[in-house]
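Each value in this text was obtained by applying a stated rule to the coordinates, not by laboratory testing. Predicted, not measured: the structure shown is a model, and the values here were computed from it. Glycine gets a Cβ as well: all are built from the backbone with ideal geometry, and neighbour counts include every protein chain shown.
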Amino acid sequence: MPDGAEIVEIGQTEGKAEGKAEDILRILEVRGIEIPDSVRERITDCTDLDVLVTWLDRSLSAVRAEELFVEE
């Protein structure tokens, strides 16, 4: 069972992941890019911060939302 510090760290990581996912979706929305439900779900379900940062970077130039997942 995780101790208090581990629980806090897990919560912070989850919070960061949620924030990154929201940022990715917001960038795509502001850029006028359609976000299919399957893409939205994949982004919001992801908890790997490194992957989310990659997707965030790609969201700045992608023409289609599916381009976030290229080369995975």
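Filter the trypsin sites (Lys or Arg not before Pro) in the stretch 34-72 to those in DSSP coil with at most 13 other Cβ atoms within 10 Å of their Cβ, and list the result.
Answer by residue number: Arg64.
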(request) For the stretch 55-64, take each phi angle, set θ = phi - 60°, evaluate the Karplus expression 6.51 cos²θ - 1.76 cosθ + 1.60, and give the result in whole Hz per residue in order, putting x for glycine and proline. (result) 5, 4, 4, 5, 5, 6, 10, 4, 8, 10
